[in-house]
Structure formats: structure tokens, C-alpha cells
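Presented below is the structure to which this report refers.
The values are calculated or read from the model by the stated rules, or taken from the named source; none is laboratory data. No experiment lies behind these values; they were computed from the predicted model shown. Using ideal geometry, Cβ is built from the backbone for each residue, glycine included, and neighbour counts are taken over all protein chains shown.
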Amino acid sequence: MSENNNNNTVKIHTKDVNLWYGENHALKDITLDIFSNKITAFIGPSGCGKSTYLKTLNRMNDIIPNVKITGDIQLDGQDIYDSRVDVNALRKKIGMVFQKPNPFPMSIYDNIAYGPRIHGIRSKARLDEIVENSLKGAAIFDEVKDRLHKSALGLSGGQQQRICIARAIAVEPEVILMDEPTSALDPISTLKIEELMSILKEKYTVAIVTHNMQQATRISDYTAFFLVGEMIEYGDTEQIFSHPVDKRTNDYITGRFG
Amino acid sequence: MNELTRKRIRISDIVLKALILLSAVITTAVVAAIIIYIVKRGLEGMSLNFITTAAFSYPYENYGILGNIINTLYIIIITLLVAVPIGVGAAIYLTEYAKRSRLTTIIEFATETLAGIPSIIYGLFGSVFFYNLFRLQYSILSGSLTLSLMILPTIIRTTEEAIKTVPISYREGAMGIGATKWYMIRTVILPCCIDGILTSVILSIGRIVGESAALLFTAGIAAELPNFKSFTDIFTKAGGAGGTLTVQLYQYAQRGGGEMKYAFSTALVLLIVVMVINVFAKLAARKFRKV
């Protein structure tokens, strides 16, 4: 798998990341690297901290009150929790797709143009181009090209999720974080999103939280296993699922708990 | 006859059903009686002259309420112009920016209390406060500012409720692609709330149109037509006294006798205005909901 591709550059480097929700110590000393143009999957039972960890990467936890984060998180070697970092600029670079498809209650076009408009693009021609390219990038252009100005809420769940992916790539991010992007979708829509992800990794770095271990094996290059706030094991997906080092990882992937 | 087809008849069911029916009939009949009575008495004094001219001094030689209609419109517009931005702003602050604290609890308690104060007290307060603060005597502006205070709680609460119904996923979606908080509020939250804000505006218009106690001491009872000589007169008009339809109704009714029929005619106009506003509100809400 990834061995024949030896230019593994670290995109996001995290070291000793701890996070507290009030008194609750939700992440404990997480250290791992996310590599460029790879898909990294985070697996683990509910409440293990995998989504929380994902959200520290684009500072989405900042919205929640009483959160305390320590440790080092670097994007291309730059500390993203540095006080000089503009969190909105950061989220432009590190986009996010959520568990439940959440297109805005506006037209498909306006949904995709939302991000570019935030970042100051006003030209109609430029926006048209971005919308088309983004929709193509999310493999949904052909399905919606005749109804760009109709409400995005009229689409199916799977289409809505691809609209959300298109919305995320419209701001030309470098990393896309996906928080259980297919858990609310049917198997066919799930398959389409998975196919899309393998295309996306050519241009972007992808990190995905998933409940579905088959999904992790199907799509990811690397897998990290989380358990009650700790990162238990991290490595090549193939190795994690065939020869896990830690007994707890083995118990989890063989379905003994979770 | 088997068990399934045998209907059981209970006396208590019949009695209760009859009582409920009776309540419904009484309610409907009362509303119908009021409307019929107002229309019947109102038509006596109603004429084209009545709604297209103004009575300017007492004793009247001419009975007309055009002046009051214009005053009412003035007060509606100015009150909303003042109260809606402040109310919506306060609601945004309370739901989006303010941290849950003692202060927000106090603000919310104050808002609720404000909603329960009788309107005559607003009138009393407004007459003294705005007079001393702005040197505004009886004036449309004074009245409007007083009513703004009165309707603020409605606007704040309704808007707050509307903002709270916007799903968190929309917020995450907007923040997740780098929207600033204000940009998100402006482009996602507020458009989702337009329904709720509109509802509060309609409720407010209803209260403004129906208010008399708070306006007697603040906007006064003047009923003359505005005398627009230049463009700026449109604005200076607000600095003068002006009685609304309800205030005028109160005066006609107070003097009684032959003027009582004009009180009913004014009531009829009010009734129609309120109905038109309600219909308009329903249409507007439906239009916005489609988006």
C-alpha cells in the first residue's frame, strides 16, 4: 500500500495533546502525525475521544465553553493554537464535513459559494467557476447541474453530504476532516462517498472518524485506535487490522467490545 | 350482537360533549355578536367623509378620522424602526454572545417583568422621562418611544425563541469553513429567523394599534391633518402631538351622546385594520417560509 509512495510528509503534527471539558479529561497525551495526501482513520467505541480529537485539529472545540487544551498541534510546522493564528483562516485551510449532512437552507449554488464569499470572492464568473469545479470535485455536479438555484434541502441525504463536501472544498482547503460522514447515510450513498474520498486524497489530506471498521479498512491508509481518551495504537491500516500490537486493539477489531 | 359491534353509551360522555359544544357556541356567538354590533352601530356614522377628512377642533363641526389614521401609521412605523433593531440586537446578544451568567438571568427576568407591566405605567413613565430627556412634549415621537419600550420584550423573546430553533449543525457548517461569528449570524442565523421576527413585528403592530393608555400622556390627542409644505415636514410631523385611532375612539366614547356612533365607526375602522394586518401577516409568513 503506502510503502511504494515514499514521500510521506507530515501535514499535521500533534504532540501530547490533552483536552478537558470542565473536569472531564477527554483526551490524554495524544501524539500522532497525519500525513499529506493520505486518509487517516480514527476508530474506537463511542465516547473514546476520536471526534473530540478531530475537532481540535481545526479548533472547532473553541466554540464549546469550558474547554481547556494543552499540547502541541502543528499544521505544516506552525502551531495552530498560537494566539496570533486567525481561527477563520485556519478553518479555511482545514475544512470539515459533519456527521449529519448540514447544507444551509439556501440554494445549492449559494451553499457552495458560501465559503468563497466569506473569503471575499464577489465576481460572478469566478464564483460560477468555483461552484462548478467544487461540485465536480465532490462527484455531484451531473446530478444537480440543472437545479443549482433550487434549495439544497430538497436533495437526498447522500447528495446533501456530497454538497457539504463540495462546500468544504470550495474554499480550497489543504486538509478535510470528516466526522462520521456516512453514519447517517444508506449503503449506496456511503459507497459513493467512500469512492469520492479516495479521489479527494489525491489533492487533499483527509482525516476521518468512523464507527465502521470495514469502512476504515476499505478507505484509509493509516488507522488510529482510541479508547477512553487515549490513543492506543496507530499505524498502517493493514497492520492495525491484521496484526494489532495492543491486546485492546485486537479485542476491539475482533468485536469483543464496542 | 358481539362485543365489537356493541356500542356502549355513557351518560357522562354525552353530557361532556354537550358542554364542550356549548362552550364553542358561546365563544363563537360572542365574537359574532361583537362584530355584528360594531358593524351595525359603526355604519351609522360611517361615510366617505368620515375616513377622508379630519376633525380639528372641539366642538367639531366635522367628524373625521383621517388625521388619526395618519397618526397611527406614524406611530407604528417609528415604534418599529426603534424597537425592532434594538430588540433583534438584544436577542442576538443574549443567545449568541452573552455567556450564561447572573447578568443574563437578570436581563431575562427584567424582560419578562417588562412584558407584564400595565401600559398606563409606560404612559406615565414615558410622559415624564421623554419630556425631561428630550424636551419632547406631547408628540408622536414621545408616544412611539414609549411604545417601543412596551413592545421590546415581545420582540426580544420571540426573536430569541426563533434563534434557538436554528440547528447547531448550521452553525458548525458555517464556522467549519471559516465564517466569522457575525458573518454566520448575518447569513445563516438571521435568514432562518425571519419568520419569527416577522411574527413579533405583527404581534407588535397589533399592540400598537390597540394601545391607548400609554399614548394618552405621551402622544396626546391631536387629530388634525398634517400640513406638508416641504419634504422635511414629513419628519417634523413626528415632533407634534397626534392621537391614534384608539385615542380618538376613547374621546368620542367619553363624550357620548350623538358622538357615540362615531366611536363605533372608529371601532369599525380599527377592526378592519386589524383584520387586514392579520391576513397580511399570514401571507407574509407563508412567503418567507417557502424560501
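Among the residues of the stretch A:172-224, which ones are of a type in the set (Phe, Trp, Tyr), under 13 Å from the mean Cα position of the chain (by Cα) and assigned to a strand (DSSP E or B)?
Let us first name the residues in the stretch A:172-224 that are of a type in the set (Phe, Trp, Tyr), namely A:204, A:222.
Now restrict to residues that are under 13 Å from the mean Cα position of the chain (by Cα): A:204.
Of everything in the stretch A:172-224, nothing turns out to be of a type in the set (Phe, Trp, Tyr), under 13 Å from the mean Cα position of the chain (by Cα) and assigned to a strand (DSSP E or B).
For the stretch B:265-276, check the following and say yes or no: at least one residue is in contact with a strand residue (DSSP E or B) (Cβ under 8 Å, 6 or more places away or on another chain), over 16 Å from B:SER142 (Cα atoms) and among the β-branched types (Val, Ile, Thr). It would help to see each step written out before you state the result.
Going through the stretch B:265-276, the residues in contact with a strand residue (DSSP E or B) (Cβ under 8 Å, 6 or more places away or on another chain) turn out to be B:265-266, B:269.
Then drop every residue that is not over 16 Å from B:SER142 (Cα atoms), which leaves B:265-266, B:269.
Then drop every residue that is not among the β-branched types (Val, Ile, Thr), which leaves B:266, B:269.
Yes: one or more hits.
Within the set B:ALA281, B:ALA213, B:ALA285, the sole residue that is at pLDDT 85 or above and either surrounded by 15 or more Cβ atoms within 10 Å (Cβ to Cβ) or under 30 Å from A:GLY154 (Cα atoms) (or both) turns out to be B:ALA213.
Here is the figure for the stretch A:173-192: residues that are in contact with a Lys or Arg (Cβ under 8 Å, 6 or more places away or on another chain) and either farther than 15 Å from A:ILE208 by Cβ or charged (D, E, K, R) (or both) total 3. Note on the stretch A:58-101: residues that are within 13 Å of another protein chain (Cβ to nearest Cβ) and either over 23 Å from A:VAL10 (Cα atoms) or touching a residue at least 40 places away in the same chain (Cβ under 8 Å) (or both) total 17. Of the residues making up the stretch B:155-197, just one is outside any helix (DSSP H, G or I), of a type in the set (Ser, Thr, Tyr) and at the interface with chain A (Cβ under 7 Å from one of its Cβ atoms), namely B:THR180.
Just to be sure before I move on: is B:THR28 polar (S, T, N, Q) and modelled with pLDDT under 85 in the structure I sent? The answer is no for B:THR28. Mind checking whether some residue in the stretch B:222-244 is at pLDDT below 90, closer than 21 Å to B:ILE35 by Cβ and out of contact with any strand residue (DSSP E or B) (no Cβ under 6 Å at 6 or more places or on another chain)? For the stretch B:222-244, residues at pLDDT below 90, closer than 21 Å to B:ILE35 by Cβ and out of contact with any strand residue (DSSP E or B) (no Cβ under 6 Å at 6 or more places or on another chain): absent.
Out of the stretch B:121-150, which residues are assigned to a helix (DSSP H, G or I) and small (Gly, Ala, Ser)? B:GLY123, B:GLY126, B:SER127, B:SER142, B:GLY143, B:SER144, B:SER148, listed by residue number. Applying the selection to the stretch B:52-71, what residues are loosely packed, with under 15 Cβ neighbours inside 10 Å and either within 19 Å of B:VAL273 (Cβ to Cβ) or at pLDDT 85 or above (or both)? Within the stretch B:52-71, just B:THR52 meets the criteria. For A:LYS50, are the conditions met, namely being at pLDDT 90 or above, crowded, with 17+ Cβ neighbours inside 10 Å and under 24 Å from B:THR95 (Cα atoms)? In short, no. Taking the criterion of being crowded, with 20+ Cβ neighbours inside 10 Å and in contact with a strand residue (DSSP E or B) (Cβ under 6 Å, 6 or more places away or on another chain), would at least one residue in the stretch A:83-95 satisfy it? Yes; the residues of the stretch A:83-95 include at least one that is crowded, with 20+ Cβ neighbours inside 10 Å and in contact with a strand residue (DSSP E or B) (Cβ under 6 Å, 6 or more places away or on another chain). Against the test of being of a type outside the set (Asp, Glu) and either surrounded by fewer than 16 Cβ atoms within 10 Å (Cβ to Cβ) or more than 30 Å from A:GLN160 (Cβ to Cβ) (or both), the options A:MET231, A:MET178, A:MET213, A:MET197 yield a single qualifying residue, A:MET231. Total residues in the stretch A:233-248 satisfying the condition of being touching a residue at least 60 places away in the same chain (Cβ under 8 Å) and under 12 Å from A:PHE42 (Cβ atoms): the figure is 2. Quick one: would you say A:GLN239 is crowded, with 19+ Cβ neighbours inside 10 Å, of a type outside the set (Val, Ile, Thr) and assigned to a helix (DSSP H, G or I)? No: the conditions fail for A:GLN239.
Only residues that are free of Cβ contacts under 8 Å to residues at least 12 places away in the same chain and assigned to a helix (DSSP H, G or I) were counted in the stretch B:101-120, giving 9. A:VAL171 satisfies every condition listed in (1) within 25 Å of A:LYS38 (Cα to Cα); (2) out of contact with any His (no Cβ under 7 Å at 6 or more places or on another chain); (3) within 14 Å of chain B (Cβ to nearest Cβ) except (2).
Yes/no per residue for (1) of a type outside the set (Phe, Trp, Tyr); (2) closer than 25 Å to A:SER156 by Cβ; (3) modelled with pLDDT of 95 or more; (4) buried (at least 18 other Cβ atoms within 10 Å of the Cβ):
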| position | (1), (2), (3), (4) |
| --- | --- |
| A:TYR109 | no, yes, yes, yes |
| A:ILE112 | yes, yes, yes, yes |
| A:HIS119 | yes, no, no, no |
| A:ARG122 | yes, no, no, no |
| A:ASP128 | yes, yes, yes, no |
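Residues in the stretch B:125-142 that are among the hydrophobic types (A, V, I, L, M, F, W, C) and surrounded by 20 or more Cβ atoms within 10 Å (Cβ to Cβ): B:PHE130, B:LEU136, B:ILE140, B:LEU141.
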